[in-house]
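Since the structure comes first, as structure tokens, the remarks are kept for the end.
The values are calculated or read from the model by the stated rules, or taken from the named source; none is laboratory data. Since the structure is predicted, the reported quantities are computational estimates derived from the model, not experimental observations. No Cβ is skipped: glycine too gets one built from the backbone with ideal geometry, and neighbour counts run over all protein chains shown. Accessible surface areas use protein heavy atoms only, side chains included; no ligands, DNA or RNA. Shrake-Rupley method; radii C 1.70, N 1.55, O 1.52, S 1.80 Å.
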Amino acid sequence: MSGSIRQTIVKNNRGFRSFHPFVCFLYYIGAAALVMLSKHPVFLFVGAIILIGVNISLDRGKAIRQWWKMLLFVSMFFIIINPLINHRGTYILFYLGQNPIMLEAVIQGVIFSLSLLCLMILFASYNLVITANKFLFLFSKWLPQWALLAMLAMRFVPLLKRRLQEIQQVQKGRGLSVAEGPLKLRAKNGVQLVQILLTWSLEEAIQTADSMIARGYGVKKRSRYTPYQMHSKDWLALGFIVILGSISIFGWYLGDNVLAINPILETVRLIGREWFFLIIFMLYISFPLIIEGREALRWHYWKRKI
Amino acid sequence: MARHQVILFSSALMLSIMLIFVTLFIQHHFMLASFLFVMLTFLPFVIRFERRKVSGRELVLLAVLSAIAAVSRVPFASIPSVQPTTFVIIITGLALGAESGFVVGALAALVSNLFLGQGPWTPWQMYSWGMIGLAAGLLRHTKFMKWSIGRYVFGFISGILFGWVMNIWFFVGNIDQITISHILASFGASLYFDLAHALSNVFFLAVFGKAWIKILLRFKKKYGLLDR
Amino acid sequence: MALLEAKNISFHYPEERRPALDNVSFYVNEGDFIVLCGASGSGKSTLLRLLKKEVSPHGSVSGDIYYNDQPIFQLDSEVAARELGMVFQDPENQLVMDQVMEELIFGMENIGFSTEYMRKKVAEMVHFFGLDDLLEKKTYELSGGQKQLVNLASILLLEPRILLLDEPTAQLDPVAAKEFIGMLHRMNEEFGITVIIAEHRLEELFALADRAIILEQGKVIFDSTPRNVSLQIGNNAENKLYSYLPSPAILYLEHSLNIQERELPLTVKEGKLWIKKLNIEEVRTNSKEEIPKGTPLLQMKNIDFQYTKDQRKILDRTSLSVFEREALAIVGANGTGKSTLLKIMAGIERPQGGSILYKGKRMKKHDPLKIGYLPQNPKLFFLHDTLEAELDEIIKQHKLNGGKTRAKELLEWFQLASLANRHPYDLSGGELQKAALAGVLLPNPKVLLIDEPTKGLDPDAKKRFGELLVRLREEGVTIVLITHDIEFAAQYATRCAMLFQGNITVTAPVHSFFSGNTFYTTTINRMIRGSNAPNVLTVEEARTKWRVIK
Ligand SMILES: Nc1ncnc2c1ncn2[C@@H]1O[C@H](COP(=O)(O)OP(=O)(O)OP(=O)(O)O)[C@@H](O)[C@H]1O
Ligand SMILES: Nc1ncnc2c1ncn2[C@@H]1O[C@H](COP(=O)(O)OP(=O)(O)OP(=O)(O)O)[C@@H](O)[C@H]1O
Ligand SMILES: [Mg+2]
Ligand SMILES: [Mg+2]
């Protein structure tokens, strides 16, 4: 896992990832809100396709390929379960035993799972863009003490993992195994190992604390080194995101981003104004794709010129 | 332990419960309500800790405990759905108090998600574990928690509730289309895991609870930490 | 005017009757390079920590410390944090942040510098230390030596006037340690930073230092130039501190016909000059080194190992044989994989390819009855509250007959009997090492694998540990040990192996091994190279082999 975090650090200064973390973060907040608010199968379907495109442009779809089983399972679960337990509506498709299967329920299930699907694909690309470091940077703006604490804890995780592995190995020779024996004993041994880690690491941590204090921790209000600065392109992107996002939300307010189901089922086909809001929605969601595409084109022409 | 912390906690809780009721009636704002609920019960503690001046040693202690809570599931990779993270958080609350329990719980969730990739569940996990640590700390001087069976009950309930809260993220965006049967279905689907979680909490508390509290208290005393 | 002055400091830890420091007085001028030495527990760390008020230990202090003529406890905390920098022993534990860049700026953020200023300072420092390639790395990926350099750089970014260092090279390999000390020397020479360093390994430091302060049981017993101190200690070979002296000095004291302070060599260079004047004859001894033959007791064949798929190969078709009753020392740089190799040898870690044979038979997993393994950090060995409980548990687990009596014997033998009821974590470094060793030896293994047993031990304790190894070997135990301490390896091992980039590059009997190396060799060997003195590696060897002709 930390390997994948590393990789993204290396590729951090290109395309969408080169924008100020705040801009990227805002994009994701907006996108998540839109995906949750737009309860329309067409919107969500188009959204899912674009988001997959975003993932592909960022890491050739590696992250979602790792996840696809889970994605499939969750979306299928709700597509199937919703018609089975929800019988409100007027259009009966067929009967399953005693129970009527409603068209409304099926559509609702589709919307629900599409929206989950979008959310999860969105988070897959979020993890590629907002790396742990960027997240902590954002975090430290508002909550500096928490951010410092999180950073410290992050630094301990690989260390403790390695210690734990070592403890496990040494103690295995003394019969403390998590792999063999009855469940109760294995669980007990597992905690035993963590207990050694606890006693050992607590003592060692005092030294870390001393090293912090020796470098002036707590003498003053900390300043913060800002590795990122807002450039003009970041302001432009910010404007783009805010304007399109607000229009989209307005569309939701008007009900154009939502498929009405109860009491009357609206047609799935888009009409009039809905087309406009779909385009705005698409533009918003595909922002990273536009940036990555522009970059690719630029390279293409630059190479040609040489 | 400050009395006003207890007051703060209970008033936030009451307020939120009221909100929940109100919004249950006006179904359309359920999403907002759940959001508010989380904010009102979570943010005050986040901000409270942010404002506190914490010494270097305390900071490192909290960071190590969070990292241990996050890493503690590594040796359990071969035992599905059993892991002592919740146990570590409960013990922290019991030994070092509500605020430490809260910080360690929330941070353990955040850190392990920063490593494994964040998802829509991250805030919920932070919330649940943070609250478990907080509750353990708030209740630690009560008769109930001094009684060993009481602690087991606490461990059991937190295991189950944790699972429930974690299920919520599925529904947040679609809350107005959700029926009770939906929720029951998904709770039912995760019941096996929640039960395993709850029972393993009880088991760990029974076997290791005392020893771990002793370890933490010995350490706290040795270095004079978090004494207030 | 002294930059730092201590007047009659005494210090008591709470609930300890004996003072840790007893009426200590000294002064430090700007630009001094001072080494602080003394046995384990003599109060070096306590003293250094008292000088840095943020990390000063709890307890009762009397006496005064002045910095720039101002009492140190009244010093403005920002000034104190900036101007007195401190580096500790363990490189790993001092790192606070996850990324090297974050680590470097950590101190500056604490003091509240602006981003612009930090950028400038970091760029400069990174360039000076040559850390460019490390900036983007995670701190846990660095080798021990790199970690310690990052620690030093991070402190230097605050522009301290005094650097306090508490055994900063204890965990470093010989080359990294030299590099680190060289960096300190440069800081001292080029920027006039005052350095106060506590150390046990003095071979290099005595040559660089302006002054040596020697503590004994909390008292300053010597405070003078290293040369003068060496002479005073060296006057009496019975002196407890005798083994602390750098080996050129000892050699001189034992073999010079006319001892003069001026001439006393502390560096290899000075040693060479002196040795040229001597005419030394070799005493024939019948201790001839032999290359071990016969079937190996333990054998590694073509071992391949990596921790994760995307990481580099730590071991690459490595082969190594261990013969009965030998003491094999493995040396190599930080992070080359020595500890990994030892774990594989013990059967604790499973290699991806290759095989391990014990007495010609394939070994599947770790068997403590055959092979005893002592990890680099002995703390992770202990499960229970006391040493006694630990030993009882081992007896029970392996169902050892007569385990109780053996446990008792071992405790006596290691002089641990009085500590059997202590919490293992409350033992000193050396005691902890011995306690873990007692646990490992209890099942009576034939082979003993030890990972860096001498780190942080004072020369005296090291000597006793070495003698322990000799006794174990006499009892028929075969020993493999990892060490960064060349002098120790030269004295107590029979054979040496060097691990480099995943492979054992050389294995040879100690003598031929060290005689062939330039960096990885003892100070004495470097000193006599090119002279016509008989080839020796250690002071002890010179004692038996040299006879100076008048
Ligand atoms: N926290 C503590 N509580 C009580 N006694 C202590 C404590 N730390 C150290 N001591 C005692 O104070 C004395 C001096 O210890 P100190 O750590 O300064 O020695 P040192 O010279 O640095 O030893 P070493 O070479 O092993 O690092 C020792 O006798 C030690 O046992
Ligand atoms: N559990 C682990 N997981 C992944 N990598 C590891 C693990 N343990 C060690 N490594 C890496 O393997 C390499 C070899 O480590 P090892 O501890 O064997 O080195 P070493 O030669 O003993 O170093 P030192 O002299 O500092 O003790 C290092 O680069 C280290 O970062
Ligand atoms: Mg010390
Ligand atoms: Mg090692």
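Before moving on, here are some points about what is shown:
- In the range A:166-187, the residues whose accessible area drops by at least 20 square angstrom when the other protein chains are added to the isolated chain are A:Glu166, A:Gln168, A:Gln169, A:Val170, A:Gln171, A:Gly173, A:Arg174, A:Val178, A:Leu183, A:Lys184, A:Arg186, A:Ala187; the probe is 1.4 Å and only protein heavy atoms count.
- Only lysines eight or more places from C:Lys404 in sequence, or on another chain, were considered; those with a Cα closer than 17 Å are C:Lys396.
- Cα shape, the range A:144-214, gyration tensor, a/c 1.5 rule: prolate
- If R0 is 41 Å, the Cβ-Cβ spacing of C:His423 and C:Asn503 corresponds to a FRET efficiency of close to 0.50.
- Within the accessible area of the protein assembly as shown (1.4 Å probe), percent carbon and sulfur: 59
- Rounded to the nearest 20 debye, the dipole magnitude of the protein assembly as shown is 2380 debye, with +1 charges on Lys and Arg beta carbons, -1 on Asp and Glu beta carbons, and the Cα centre as origin.
- In percent, rounded to a whole number, the relative contact order of the range C:287-426 is 21, using alpha-carbon pairs under 8 Å and six or more apart.
- Ranked from largest to smallest solvent-accessible area, with a 1.4 Å probe on the protein heavy atoms, B:Met145, B:Met166 come out as B:Met166, B:Met145.
- Acute angle (nearest 10 degrees) that the helix C:459-474 long axis makes with the longest principal axis of chain C, alpha-carbon atoms: 0
- Taking both sides together, the accessible area buried where C meets A is about 5100 Å² for a 1.4 Å probe.
- With the simple spin-label model, which puts each label point 7 Å out from Cα in the Cβ direction, the B:Thr142 to C:Asn532 separation comes to 9.2 nm.
- Trypsin sites (Lys or Arg not before Pro) restricted to DSSP loop in the range A:20-127 with at most 16 other C-beta within 10 Å: A:Arg60, A:Arg88
- Among C:His423, A:Ile249, B:Gly224 the positive-end extreme of the charge dipole of the protein assembly as shown (Cβ point charges): A:Ile249
- Relative contact order [Cα under 8 Å, 6+ residues apart], the range A:144-214, whole percent: 26
- Checked against a 26 Å cut-off, the cross-linked pairs C:Lys7/C:Lys52; C:Lys364/C:Lys455; C:Lys365/C:Lys455; B:Lys222/C:Lys53 give Cα-Cα distances beyond that limit for C:Lys364/C:Lys455; C:Lys365/C:Lys455.
- Scanning residues 5 or more positions from C:Ala329 or on other chains, those with amide H under 5 Å from its amide H are C:Leu481, C:Thr494, C:Arg495, C:Cys496, C:Ala497, with H placed 1.01 Å from N in the peptide plane.
- Net charge dipole size for chain C [Lys, Arg +1 and Asp, Glu -1 on Cβ; Debye, nearest 20]: 2620
- Helix A:41-59 axis, angle to chain A major axis (alpha carbon atoms, nearest 10°): 40
- Global form of the range B:30-153, assessed from the alpha-carbon gyration tensor, a/c cut-off 1.5: rounded
- Average accessible surface area per residue within chain C, 1.4 Å rolling probe, Å²: 42
- Take the accessible area of B alone and of A alone, subtract that of the pair with a 1.4 Å probe, and the total buried over both chains is about 6300 Å².
- Rounded to 5, percent antiparallel among DSSP beta bridges of the protein assembly as shown: 55
- Residues of the range C:182-202 falling in the label zone of C:Thr225, defined by backbone nitrogen less than 19 Å from a point 7 Å along Cα to beta-carbon, are C:189, C:195.
- When you filter the trypsin sites (Lys or Arg not before Pro) in the range A:145-237 for DSSP loop state and at most 12 other Cβ atoms inside 10 Å of their Cβ, you are left with A:Lys221.
- Restricting the chymotrypsin sites (Phe, Trp or Tyr not before Pro) of the range C:496-545 to loop positions (DSSP other than H, G, I, E, B) with no more than 14 neighbouring Cβ atoms within 10 Å leaves C:Phe519.
- Label-point gap, in nm, between A:Gln165 and A:Ile92 - each point 7 angstrom along Cα→Cβ: 6.2
- Over chain C, relative contact order from alpha-carbon pairs under 8 Å, at least 6 apart, %: 15
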